[in-house]
Amino acid sequence: MSADTEGETRDRRTWHPIALAVGIGCYVLAVIAGMSLLMDHAGFMLLLLMWIVHLVLLSLLIHKLGAKESSEYPALFIVILSVICAMATDVARDNLTLQVRGERVTATVAKERTTPAAGREGPHSLYTLERQNGTRVRGPEMNLTSDPYDVGQVLTVIEDPEGELAPRTLGDVDATGELIGAGALALAALGSVGWMTWRGSDTAKRRDDRKPSAGMRKVYKTVTRNHTTQDEQEEKLREALRTYPADRRGYIKVHPEDYPDVSQRRAARIAWEAGLRAEAAGNRGSGRFRETVNEEVPHD
């Protein structure tokens, strides 16, 4: 292969995941924006179904980034962030709408009622407001999770002239907190995409696959008094895979520190020769092997 061809191949390997990551990021932001618009217009079951479809599609897209880690967990994390972000964006949009087209009026609490608690959601206080001339303030009842007002109390609220949004007090109509929170959640979601992109890069894979330096291996062998050669360690690993009992999930677990000269890829190769596969995710410091795994470590 010529130098020009190698360079073109390397450029494709570099730019393809970056372009894919940018596309995934734009997709995540588009879903957040779209779902925030649907929050008040779609039923719970429809929203739940749409979020599940989004989770599946996002998991497939993240898997294409090539990271060794399973794509389901980062996809679920991004979806959870997106749900909270969409809810915060929905509240912020209503507040901004009231700020733009709302009118300040002095109103009196004409009626108060309390909704019963439902599941984990506590009771809400609903207030019917009237102007000083006796006409009702336009829009739905003012809905609060606390009970700060009594019938007959006078307060200043922002009224929606079109009657679509419930009136809110001057302090409640500020959207700064919701906008900052939504922005932070969106950045965290995009950061997760960037992290998985880096985890799928050649640099990260080479870092995960390379052996410890000769100096570090020598120090480790001195401390642990393990002076076996690589061939002896490989034979010891083969014996462990043949004789170690499987745990309740069917995995055979070994300690990588017992085989300091055997790389992860080499261990996967030895396991493959024994009819097993090396698990790439959720090892928590152990090497796990089974006939079928969720995500396999590539072997030499």
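What the table shows:
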quantity	calculated
In region 266-300, residue least open to solvent (accessible area, probe 1.4 Å) [restricted to those that are aliphatic (A, V, I, L, M) and part of a loop (DSSP other than H, G, I, E, B)]	VAL297
Residue within region 180-194 that is open to solvent by 70 Å² or more (accessible area, probe 1.4 Å), at pLDDT 85 or above and farther than 16 Å from SER263 by Cα present	yes
Residue that is nearest to THR115 (Cα to Cα), among those in region 144-164 that are among the β-branched types (Val, Ile, Thr) and touching a residue at least 24 places away in the same chain (Cβ under 8 Å)	VAL151
Residue within region 79-91 that is part of a helix (DSSP H, G or I), of a type in the set (D, E, K, R) and open to solvent by less than 80 Å² (accessible area, probe 1.4 Å) present	yes
Failed item in (1) crowded, with 17+ Cβ neighbours inside 10 Å; (2) without any contact (Cβ under 8 Å) to a residue 24 or more places away in the chain; (3) farther than 30 Å from ALA33 by Cβ; (4) not β-branched (Val, Ile, Thr), with GLU72 passing the rest	(3)
Cross-chain or 6+ apart pairs with Cβ under 6 Å, region 236-253 first and open to solvent by 50 Å² or more (accessible area, probe 1.4 Å), then outside any strand (DSSP E or B) and among the polar types (S, T, N, Q)	LYS253/SER286
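For every residue, the table says whether it meets (1) hydrophobic (A, V, I, L, M, F, W, C); (2) surrounded by fewer than 17 Cβ atoms within 10 Å (Cβ to Cβ); (3) in a strand (DSSP E or B).
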residue	(1), (2), (3)
LEU98	yes, no, no
ALA107	yes, no, yes
THR128	no, no, yes
ARG138	no, no, no
TYR149	no, no, no
LEU165	yes, no, no
ASP172	no, yes, no
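The values are calculated or read from the model by the stated rules, or taken from the named source; none is laboratory data. Fair warning: this is a prediction, and the values are worked out from it, not measured in the lab. Cβ sites come from the backbone with ideal geometry, for glycine too, and all protein chains shown count toward neighbours. What goes into the accessible areas is simple: the full protein's heavy atoms, side chains included, and nothing from ligands, DNA or RNA. Shrake-Rupley method; radii C 1.70, N 1.55, O 1.52, S 1.80 Å.
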